[in-house]
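These notes are about the structure you will find just below.
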Amino acid sequence: MQSANEERAGDGRPVRADARISRERIVASAGQLFAEEGVSVSLERIAQHAGVGSATLHRHFQGRRALAVAVMDERVQALCARARRLSTECEPGQALEAWVRAVVEHNSTFRGLATLLSEDLAEPGHHVESRHDEVRAAGGELLYRAQQAGAARHDITISDLLNLANGIAVATERVRDGERQADHLLDVVITGVRPRAYMAVRDAHTQDGLDSPSSPRRASTSAGDGQEREAGRGPGSP
């Protein structure tokens, strides 16, 4: 009888708990080292980082590509889960922006991953393509909610956003201060995604806050004007 925590391998055989833990450690180590050193890092180094033998790694994964797919699976699941969480925790426009930023971070993390999996990506119906479909579906739902709320233009598609996110990741991969550059480019993209009417309302609310008597900027300006008046000078006097 199969226990509650017992998993099955691809051939239907049960996977022991210790084998499952070893696999999880290998995937976690691969994800970390892919992010730090790129996907060309040696499999032996990944095994060492995970605290397992090289033979154990090869027993779980038939080469680098299989390991890269496993890492991608884990990150795709995290992206989809984040999309679901954001849809319930944030306003539609904020949820979409936060998720697109997560996609850029995801794409920036794995240097060379797309090249490594390029043959799989070109094969219709492949496992990798199905994972991309999951990402598009998760992001598409966020985009639809943002469009219905008036926080995103209706002529934008989820493919547009994913292509832009990937472009930002590639463009800032090897530049100095790439993270700051990526944030700047994302701000440009998000501004372009939002309808003009949405931006006008947001800017009006921002200005209202600055004009409020309780605004720190307004209070500072008012205090300065008062000091100048007490000294017998106008705001522009020398």
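Here is how the numbers come out for the structure above:
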quantity	calculated
³J(HN,Hα) computed for each position of the stretch 88-102 - Karplus, 6.51 cos²θ - 1.76 cosθ + 1.60, integer Hz, glycine/proline x	9, 9, 10, 5, x, x, 5, 4, 5, 4, 4, 6, 4, 4, 5
Exposure of residue 164 as accessible area (Å², to 10), given a probe of 1.4 Å and all protein chains	80 Å²
Whole-percent carbon and sulfur share, accessible surface of the stretch 30-95, 1.4 Å	45 percent
FRET efficiency for residue 89 and residue 174, using Cβ-Cβ distance with R0 set to 41 Å, rounded to 0.05	0.75
Spin-label pair residue 130/residue 154, simplified geometry with 7 Å Cα→Cβ offset, distance in nm	3.5 nm
Cβ charges +1 (Lys, Arg) and -1 (Asp, Glu), total dipole of the stretch 18-115, debye	300 debye
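The values are calculated or read from the model by the stated rules, or taken from the named source; none is laboratory data. Treat the numbers as computed from the prediction; the structure is a model and nothing was measured. Backbone-built Cβ (ideal geometry, glycine too); neighbour counts: all protein chains shown. The area values use the complete protein model at the heavy-atom level, side chains included, leaving out ligands, DNA and RNA. Shrake-Rupley method; radii C 1.70, N 1.55, O 1.52, S 1.80 Å.
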